[in-house]
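The values are calculated or read from the model by the stated rules, or taken from the named source; none is laboratory data. Worth saying up front: this structure is predicted, and the values here are computed from it rather than measured. Here the Cβ positions follow ideal geometry from the backbone for every residue, glycine too, while neighbour counts run over all protein chains shown.
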Amino acid sequence: AQLRFAGQQAMADHLPMTGALSVSVEARFPVAKSWTKKKQSAALCGEVRPTTTPDADNLLKSLDGLNGIVWGDDRQIVDASVRKIYSERPGLTITVAPAGVVEIQHEGRIA
């Protein structure tokens, strides 16, 4: 529900996006206060990464909540990336853009 509300706020008076889309998800997790200062520092500079739940797959599944708001249907997503990091400012940032053209290289043999 919070994701849908945030999507509605972000889209304001805009119609859902059309066409092929590229989505990037950045999930920022809080650093455990029980960790040593050294481990906290390592987490904040990216040397330690969150391997806890939710997993990347579930973060992508949560995008279903943006159907009909940010895009018509999540099947429009042709490129997706997920990044999980520790941060002093926990949160979720979702970036959506029209998908770029992909160069396809064909491998073959010349007889």
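Listed here are the residues, each with its yes/no results for (1) touching a Lys or Arg at 6+ places or on another chain (Cβ under 9 Å); (2) closer than 21 Å to residue 32 by Cβ.
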position	(1), (2)
52	yes, yes
57	no, no
63	no, no
66	yes, no
72	no, no
77	no, no
85	yes, yes
91	yes, yes
94	no, no
Exercise for review: State whether one or more residues within region 24-38 are farther than 15 Å from residue 93 by Cα, among the polar types (S, T, N, Q) and surrounded by fewer than 14 Cβ atoms within 10 Å (Cβ to Cβ).
Suggested key: yes
Review point. Which number in (1) assigned to a strand (DSSP E or B); (2) surrounded by 14 or more Cβ atoms within 10 Å (Cβ to Cβ); (3) of a type in the set (S, T, N, Q) marks the one condition that residue 93 misses?
Key: (2)
Practice item. Exactly one condition in (1) at pLDDT 95 or above; (2) assigned to a helix (DSSP H, G or I); (3) within 19 Å of the chain's Cα centre (by Cα) is not met by residue 38; state its number. Key: (3)
